[in-house]
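Student: Dumping the structure here so I can ask a few things about it.
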Amino acid sequence: MEETLRFKLNGKPVSLTVDGDRLLLWVLRTDLGLTGTKYGCGESFCGACTVIVNGEAVRSCQTPVKEARDKEVVTIEGLAAGNGLHPVQKAFMEHDALQCGYCTPGMIMNAYSFLRKNPAPSVAEIVEGMDDDLCRCGAHKRIILAIQAAAKEMHGGL
Amino acid sequence: MNEYQYWANDPEEAAVPMDRRGFLKTTGTGIFLFFKIRDISFFTQEGPGRVAQQNVPSDFNAYLKIGEDGRVACYTGKIEMGQGIVTSLAQMLADEMDVHIDNVDMVMGDTDLCPWDRGTFGSLSTRAFGPSLRTAAAEARRVLIEMASEQLKVPVKDLATEGGAVFDRTNTKIRTTYAALAKGKRIERHLTDPVVVKKPSEFKIMSKPLTRRDAREKVTGKAQYAGDIQLPGMLYAKILRPPAHGAKLLDVDTGEAGKVEGARVIRDGDLVAVLHKYPDVAQAALSKIKAKFDTPPANVDDRSIYDHLLKVAPGGKVVAQAGDLASGEKESSSVLEQTYLNAYVAHAPMEPHTAVVKIEGKRATVWASTQAPFGAREEVAKELGFRTEDVRVITPFVGGGFGGKTAHRQVVEAARLARLSGSPVQVAWTRSEEFFYDTFRPAAVVKIRSGITGKGRISFWDYNVYFAGERGAPHFYEIPNHRTTAYNSSWVGAEGAHPFATGAWRAPGNNTNSFARESQIDIMAARAGVDPVEFRLQHLSDAKMKRVLQTAAEKFGWKPAKSPSGRGHGVALGIDAGTYVASIAEVEVNKGTGDVRVKRVLAVQDMGLVVNPAGATIQMEGCITMGLGYALREGLHFKGGEITDLNFGTYEIPRFSWLPKIETHILDDENSPPQGGGEPAIVTMGAVIANAIYDAVGARIFELPMIPSRVKEAIHKG
Ligand code: FES
Ligand code: FES
């Protein structure tokens, strides 16, 4: 059913007439042209599609767009202000925490939301917090290092 | 900047389509240096399909351009899929030419801009392409110095280069830049004679760790993959798939799908697809199609496959031999005969196969996730009946390949649907399509008979590998009587062997072969009552391999002991893509459940000259992490042509919680030519874990993956 939805996307208001049952992933990627959010499995297994809705990491491949109504959605494109980089993005770059880069936006978004809840995590907590995010290239070791570094850099503030 | 060409600098150039001859005319002013891969044997020995020698262009297959803006670009058909050559190749170029690395552009995998290249696989980019690139860059620098000598009236011997400038050593104020030298000129040189390249002691950029040059795009979501290409009027296609390989479409009712607003149903023979401007709507419409298939009976499944393979195996080909097996056997005090198995393994790159095709008149433009853009171009040209040069394949960032993206079914499908629909079409496979149409690492069998003498020497070695491929099959130990035979010596099976497609999977053949060989060596060490590191050293004469193993043992803190020692320590060696690897692992085995926890993996490798130590380290870490998968969990489930693992819910790949402590060391060997880096450290992962399990609990696992039930069963058997 087509409906008009309003929500905030990367800090800016959007208004969209769509079938509210369509999945946020595809609406972001096609209707809204934000292709940084990736499809990896479509069934909640991989985390490539992770975006932030009202501060929580959600899997956009499982989220009907109508659930974003009146909420704040942040995608990888909107994580940092302007042309700058968010400390998590910077840490991923500095620690070479990526290879093909396809899992990277989802990893960063999940790490961001995880660090909001746990600003000074142990390695075991990072592993637990990231465990449902898949990376086929095997960048895991570096991703953990990057998240630790980002946590330090942010001193608990985001 | 053309948004699809991250490494192209000149927007005009990136946008203008050119055929192979045409691009010489249209690349504008500048200094051009054409070169080819020196050692052509690299191209013919392995890789997807078979390319006849005469198809390899003999004039050049890459070129450099020094532009009026002082930027230096390398045009190559190689592609970046995560392995990091966008960084390491640029390092070579910048160092040899004395330009700042930020002024280097890598233009990769665009069939209109880049000369023909067979593809990116086999760890060849650095070891085969790299040396040629370096000589070309050195030659370009020489040409620039000559030009500067004329312009500045300074003898060549007094000139030096730095940061894209040429200057007089005796008076540094007398100088010019590469940009100035290239201005308004069109100079073409072909590299023919050997050129002197820099000595390792002269390196400023090479052999120094450098973080990825493409990281910024990738962490900001700006990096575009094939699925991120959106063209005006483009439709997303979702295609009706059979329930099993070999199934035939009997009947189809597309009525309901056609009623979905905006959906277009296309039927062309067996191809049934729904096109829509939104991929999810196309998918939803596709699910409304009712289809009947005739599925052939399943004659084989993941349990019976090994018997089947042995039954249909073609005759063997001896790939290595010496001495006499029978006399070796006579000298043996004990003979060991074992069979090793490994399951089909999926590539499962995080980015599924994707392609966009746009047709304009008699020309087609293709954006594809591919490891072989020139191969994709040929397939599209054939499908559309176009001339090859009228098809342009552009390779955006590729989200992982591992050998799986040398197959291009999705590109051909997109081309076909673009023609049938008259619109640009994107085909992006779902995860289940990715599993279904993968060219899996083949299930394989290795049978080894070997013996040891009363003195603990290996007396003979009769090695037979079925369907894995011969890469990594020959051993590297001192064994007087040995023979290595490959039955179906490629990873692509003979007709009727496999129920679905198989192909090259990261270090093809070698994972299977190293698992079998290094397990068998360990069994013999245990039989001889000798520490497994010591036993290997006793049978090695190759100094390089010895050094790799000794370093690994030392760094790990290996304490010699007869296995099983109960500590859970295992060792394995391998050679792949010219690189020598020694791995040592520590595991913990839950005897009740059979669950294996890998606690620590240490790998040492000798890969010759290392261009980017940071990149090489990451590749090793990636190999170790990915290798945990095929060692412990990855084995495809299927019934005949029906693949029953269609997503990550049942097909488990390594995740954070599996991560052992990973330690990597690269030996200093800068005076040897560079060897492969993207594959070697994965080949030992099966054996090193199997050997560590044996050391922990005294149970030997002969089949990969080593899932808990299999380990538990082996423990109970004792
Ligand atoms: S695409 Fe959403 S979890 Fe994999
Ligand atoms: S970097 Fe390739 S999947 Fe994670």
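Student: Just name the residue that is nearest to the chain's Cα centre (by Cα) out of those in segment B:399-417 that are within 12 Å of chain A (Cβ to nearest Cβ) and more than 16 Å from ligand 1 (Cβ to nearest atom).
Tutor: Taking the candidates together, the pick is B:PHE402.
Student: Within segment A:112-124, how many residues are more than 11 Å from chain B (Cβ to nearest Cβ), in a helix (DSSP H, G or I) and open to solvent by 50 Å² or more (accessible area, probe 1.4 Å)? Can you show your working first?
Tutor: Residues of segment A:112-124 that are more than 11 Å from chain B (Cβ to nearest Cβ), as a first pass: A:112-122.
Among the residues that remain, those that are also in a helix (DSSP H, G or I) are: A:112-117.
If we keep only those that are open to solvent by 50 Å² or more (accessible area, probe 1.4 Å) as well, we get A:116-117.
Adding up the residues that qualify gives 2.
Student: Still on this structure, I have one more. Show the residue pairs that are 6+ apart or on different chains and have beta-carbon atoms under 7 Å apart, the first residue being within segment B:266-281 and away from every other protein chain (no Cβ under 14 Å) and farther than 9 Å from B:LYS238 by Cα, the second being among the small types (Gly, Ala, Ser) and not in a strand (DSSP E or B).
Tutor: Partner pairs satisfying both residue conditions: B:ILE266/B:SER421.
Student: Do we find that B:VAL598 is in contact (Cβ under 8 Å) with a residue 60 or more places away in the chain, crowded, with 17+ Cβ neighbours inside 10 Å and not in a helix (DSSP H, G or I) in this structure? Don't jump to the end; show me each part of the working.
Tutor: Working: in contact (Cβ under 8 Å) with a residue 60 or more places away in the chain: yes; crowded, with 17+ Cβ neighbours inside 10 Å: yes; not in a helix (DSSP H, G or I): yes.
Yes.
Student: On to the next question. If you take the residues in segment A:66-92 that are farther than 14 Å from A:ILE108 by Cβ and within 16 Å of the chain's Cα centre (by Cα), which one is nearest to the other protein chains (Cβ to nearest Cβ)?
Tutor: Filtering first and then ranking leaves A:ALA81.
Student: How many residues are more than 18 Å from A:THR104 (Cβ to Cβ) and more than 8 Å from every other protein chain (Cβ to nearest Cβ) if we restrict to segment A:125-137?
Tutor: Residues in segment A:125-137 being more than 18 Å from A:THR104 (Cβ to Cβ) and more than 8 Å from every other protein chain (Cβ to nearest Cβ): 1 in total.
Student: Within the set of pairs 6 or more residues apart or between chains, which connect a residue that is more than 7 Å from chain B (Cβ to nearest Cβ) inside segment A:30-49 to a residue that is crowded, with 24+ Cβ neighbours inside 10 Å and of a type in the set (Asp, Glu) with Cβ atoms less than 8 Å apart?
Tutor: Partner pairs satisfying both residue conditions: A:LYS38/B:GLU351; A:GLY47/A:ASP133.
Student: Taking the options B:ALA577, B:ALA631, name whichever one is touching a helix residue (DSSP H, G or I) at 6+ places or on another chain (Cβ under 7 Å) and within 14 Å of chain A (Cβ to nearest Cβ). Please lay out each step first, then the result.
Tutor: Details: B:ALA577 fails: within 14 Å of chain A (Cβ to nearest Cβ).
Of the residues listed, the single one that is touching a helix residue (DSSP H, G or I) at 6+ places or on another chain (Cβ under 7 Å) and within 14 Å of chain A (Cβ to nearest Cβ) is B:ALA631.
Student: Yes or no: segment B:450-460 includes at least one residue that is crowded, with 23+ Cβ neighbours inside 10 Å, within 16 Å of ligand 2 (Cβ to nearest atom) and of a type in the set (Phe, Trp, Tyr).
Tutor: At the first step, the residues of segment B:450-460 found to be crowded, with 23+ Cβ neighbours inside 10 Å are B:450-452, B:458-460.
Those left that are additionally within 16 Å of ligand 2 (Cβ to nearest atom): none.
Among the residues of segment B:450-460, not one is crowded, with 23+ Cβ neighbours inside 10 Å, within 16 Å of ligand 2 (Cβ to nearest atom) and of a type in the set (Phe, Trp, Tyr), which makes the answer no.
Student: If you don't mind, another one. Could you list all residues from segment B:164-182 that are open to solvent by less than 70 Å² (accessible area, probe 1.4 Å) and of a type in the set (D, E, K, R)? Break it down stepwise before answering.
Tutor: To start, the set of residues in segment B:164-182 that are open to solvent by less than 70 Å² (accessible area, probe 1.4 Å) comprises B:164-168, B:171, B:174, B:176-182.
Within segment B:164-182, B:ASP168 is the sole residue that qualifies.
Student: For segment A:98-111, what are the residues that are open to solvent by 10 Å² or more (accessible area, probe 1.4 Å) and more than 7 Å from every other protein chain (Cβ to nearest Cβ)?
Tutor: Of everything in segment A:98-111, just one residue is open to solvent by 10 Å² or more (accessible area, probe 1.4 Å) and more than 7 Å from every other protein chain (Cβ to nearest Cβ), namely A:ASN110.
Student: If you check A:HIS95, A:HIS140, which single one turns out to be over 17 Å from B:PRO660 (Cα atoms) and at the interface with chain B (Cβ under 9 Å from one of its Cβ atoms)? Write out each step before concluding.
Tutor: Details: A:HIS140 fails: over 17 Å from B:PRO660 (Cα atoms).
Only one candidate passes the filter, namely A:HIS95.
Student: Could you list all residues from segment B:636-653 that are within 21 Å of the chain's Cα centre (by Cα) and either over 22 Å from B:TRP429 (Cβ atoms) or surrounded by fewer than 21 Cβ atoms within 10 Å (Cβ to Cβ) (or both)?
Tutor: Passing the criteria: only B:GLU652.
Student: Sticking with this one: Among the residues of segment A:54-91, which ones are among the aliphatic types (A, V, I, L, M) and surrounded by fewer than 19 Cβ atoms within 10 Å (Cβ to Cβ)? Even if it seems obvious, please write down each step before you answer.
Tutor: Within segment A:54-91, the first condition is being among the aliphatic types (A, V, I, L, M), and the residues that meet it are A:57-58, A:65, A:68, A:73-74, A:76, A:79-81, A:85, A:88, A:91.
Once the filter is applied, which keeps residues that are among the aliphatic types (A, V, I, L, M) and surrounded by fewer than 19 Cβ atoms within 10 Å (Cβ to Cβ), segment A:54-91 yields A:ALA80, A:ALA81, A:LEU85.
Student: Could I ask something else about it? With the condition kept exactly as written, say whether any residue in segment B:375-398 is within 16 Å of ligand 1 (Cβ to nearest atom), within 17 Å of the chain's Cα centre (by Cα) and within 14 Å of another protein chain (Cβ to nearest Cβ). Spell out the reasoning first.
Tutor: Here is the first cut: in segment B:375-398, the residues within 16 Å of ligand 1 (Cβ to nearest atom) are none.
No; the residues of segment B:375-398 include none that is within 16 Å of ligand 1 (Cβ to nearest atom), within 17 Å of the chain's Cα centre (by Cα) and within 14 Å of another protein chain (Cβ to nearest Cβ).
Student: Continuing with the same structure: What pairs come up if the first residue lies in segment B:204-224 and is over 21 Å from B:GLY163 (Cα atoms), the second is of a type in the set (A, V, I, L, M), and their beta carbons are under 6 Å apart, counting only those six or more places apart or on different chains?
Tutor: From segment B:204-224, the pairs are B:ASP214/B:VAL86; B:ALA215/A:MET93; B:GLU217/B:ALA223; B:LYS218/A:LEU98; B:VAL219/A:MET93; B:GLY221/A:ILE76.
Student: Among the candidates B:PHE374, B:PHE386, which residue alone is open to solvent by less than 10 Å² (accessible area, probe 1.4 Å) and more than 18 Å from B:TRP429 (Cα to Cα)?
Tutor: Values: B:PHE386 fails: open to solvent by less than 10 Å² (accessible area, probe 1.4 Å).
Answer to the selection: B:PHE374.
Student: A follow-up question, please. Looking at B:LEU152, is it within 14 Å of chain A (Cβ to nearest Cβ), open to solvent by 20 Å² or more (accessible area, probe 1.4 Å) and among the aliphatic types (A, V, I, L, M)? Give the steps one after another, and end with the answer.
Tutor: Details: within 14 Å of chain A (Cβ to nearest Cβ): no; open to solvent by 20 Å² or more (accessible area, probe 1.4 Å): yes; among the aliphatic types (A, V, I, L, M): yes.
In short, no.
Student: Quick one: which of B:ASN691, B:ASN671 is polar (S, T, N, Q) and open to solvent by less than 30 Å² (accessible area, probe 1.4 Å)? Steps first, answer last, please.
Tutor: On the way: B:ASN671 fails: open to solvent by less than 30 Å² (accessible area, probe 1.4 Å).
The conditions single out B:ASN691.
Student: Okay, next question. What pairs come up if the first residue lies in segment B:639-667 and is at the interface with another protein chain (Cβ under 7 Å from one of its Cβ atoms) and at pLDDT 95 or above, the second is within 16 Å of ligand 2 (Cβ to nearest atom) and open to solvent by 40 Å² or more (accessible area, probe 1.4 Å), and their beta carbons are under 8 Å apart, counting only those six or more places apart or on different chains?
Tutor: B:ASN647/A:PHE45; B:PHE648/A:PHE45; B:GLY649/A:PHE45; B:ARG655/A:ASP132; B:LEU659/A:LYS141; B:ILE662/A:LYS141
Student: Could you please find all residues in segment A:14-29 being more than 9 Å from chain B (Cβ to nearest Cβ), open to solvent by 40 Å² or more (accessible area, probe 1.4 Å) and either of a type in the set (D, E, K, R) or closer than 21 Å to B:HIS353 by Cα (or both)?
Tutor: A:ASP21
Student: Another question, then. In segment A:38-53, which residues are within 9 Å of ligand 1 (Cβ to nearest atom) and either closer than 19 Å to A:MET1 by Cβ or open to solvent by less than 10 Å² (accessible area, probe 1.4 Å) (or both)?
Tutor: So in segment A:38-53, the residues within 9 Å of ligand 1 (Cβ to nearest atom) come out as A:38-50.
Within segment A:38-53, A:LYS38, A:GLY40, A:CYS41, A:CYS46, A:GLY47, A:ALA48, A:CYS49, A:THR50 meet the criteria.
Student: Is it the case that A:THR63 is of a type outside the set (A, V, I, L, M) and either facing another protein chain (nearest Cβ under 9 Å) or more than 16 Å from ligand 1 (Cβ to nearest atom) (or both)?
Tutor: Details: of a type outside the set (A, V, I, L, M): yes; either facing another protein chain (nearest Cβ under 9 Å) or more than 16 Å from ligand 1 (Cβ to nearest atom) (or both): no.
Considered against the rule, which asks whether it is of a type outside the set (A, V, I, L, M) and either facing another protein chain (nearest Cβ under 9 Å) or more than 16 Å from ligand 1 (Cβ to nearest atom) (or both), A:THR63 comes out as no.
Student: Now a separate question. Between B:ALA322, B:ALA291, B:ALA263, B:ALA284, which is within 14 Å of another protein chain (Cβ to nearest Cβ), among the hydrophobic types (A, V, I, L, M, F, W, C) and open to solvent by 30 Å² or more (accessible area, probe 1.4 Å)?
Tutor: Details: B:ALA322 fails: within 14 Å of another protein chain (Cβ to nearest Cβ); B:ALA291 fails: within 14 Å of another protein chain (Cβ to nearest Cβ); B:ALA263 fails: open to solvent by 30 Å² or more (accessible area, probe 1.4 Å).
After applying the criteria, what remains is B:ALA284.
Student: Identify, by number, the condition in (1) away from chain A (no Cβ under 14 Å); (2) out of contact with any helix residue (DSSP H, G or I) (no Cβ under 9 Å at 6 or more places or on another chain); (3) closer than 28 Å to B:PRO680 by Cα; (4) not aromatic (Phe, Trp, Tyr) that B:LEU420 doesn't meet.
Tutor: (3)
Student: So if I check each of B:GLU478, B:GLU534, which one is outside any loop (DSSP other than H, G, I, E, B) and either crowded, with 23+ Cβ neighbours inside 10 Å or over 29 Å from the mean Cα position of the chain (by Cα) (or both)?
Tutor: Values: B:GLU478 fails: outside any loop (DSSP other than H, G, I, E, B).
Residue meeting the stated conditions: B:GLU534.
Student: While we're on this one: Can you tell me which residue is nearest to B:GLY509 (Cα to Cα) among those in segment B:408-440 that are open to solvent by less than 10 Å² (accessible area, probe 1.4 Å) and not hydrophobic (A, V, I, L, M, F, W, C)?
Tutor: Only one residue fits best here, namely B:ASP438.
The values are calculated or read from the model by the stated rules, or taken from the named source; none is laboratory data. Quick caveat, the model's predicted, so the values are computed rather than measured. Note: ideal-geometry Cβ built from the backbone for every residue, glycine included; neighbour counts use all protein chains shown. Keep in mind that these areas ignore ligands, DNA and RNA; they rest on the heavy atoms of the full protein, side chains included. Shrake-Rupley method; radii C 1.70, N 1.55, O 1.52, S 1.80 Å.
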